[in-house]
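Working notes, structure below.
Just so you know, all these numbers are worked out from the coordinates, no wet-lab data involved. All figures in this text were calculated on a predicted structure; none of them were measured in a lab. Every residue, glycine as well, gets a Cβ built from its backbone with ideal geometry; the counts of neighbours run over all protein chains shown.
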Amino acid sequence: MQKVSIPSWIKWLKYLGVFTVIFGALDPMEGSILITIGAGLLFLHAKLMHASNFKIYFILFLSILFGVAALFIISSFGGLGPQNLNMWWGLLILPYPLGWLTLIIYLALQGIKSIKK
């Protein structure tokens, strides 16, 4: 069985994805676009590499995307508060930080696993 060579740009998708997810976290509100793009790049890398964990990246990407979309939609209505939307609408934003935190933990665990090899 021949070993298939992987184009170098596919390898860089993971590094770029990790960088944008971490860099976007410096300001989670303004960096939400970067975090979403980074999660998408990580999913794309896993899919192109035919990794067994691409479904995890896909679920985390969709979670972050849904939460960020909710964040922008709620902001377009004036945000949360007594004069605007009820505070319970803030629960729609919850997939964004949960997805981001899960992604960071998953990446850290993968890094530890690769160091131990």
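Residues in segment 65-117 that are over 19 Å from Lys14 (Cα atoms), among the small types (Gly, Ala, Ser) and surrounded by fewer than 15 Cβ atoms within 10 Å (Cβ to Cβ): Ser75, Ser76, Gly78, Gly79, Gly81, Gly90.
The set of residues in segment 15-62 being more than 8 Å from the chain's Cα centre (by Cα) and either among the basic types (Lys, Arg) or closer than 13 Å to Pro97 by Cβ (or both) consists of Gly24, Ala25, Pro28, Met29, Gly31, Ser32, Lys47, Lys55. Scanning segment 80-101 for residues that are within 18 Å of Asp27 (Cα to Cα) and either touching a residue at least 60 places away in the same chain (Cβ under 8 Å) or out of contact with any helix residue (DSSP H, G or I) (no Cβ under 6 Å at 6 or more places or on another chain) (or both) turns up Leu94, Tyr96, Pro97, Leu98, Gly99, Trp100, Leu101.
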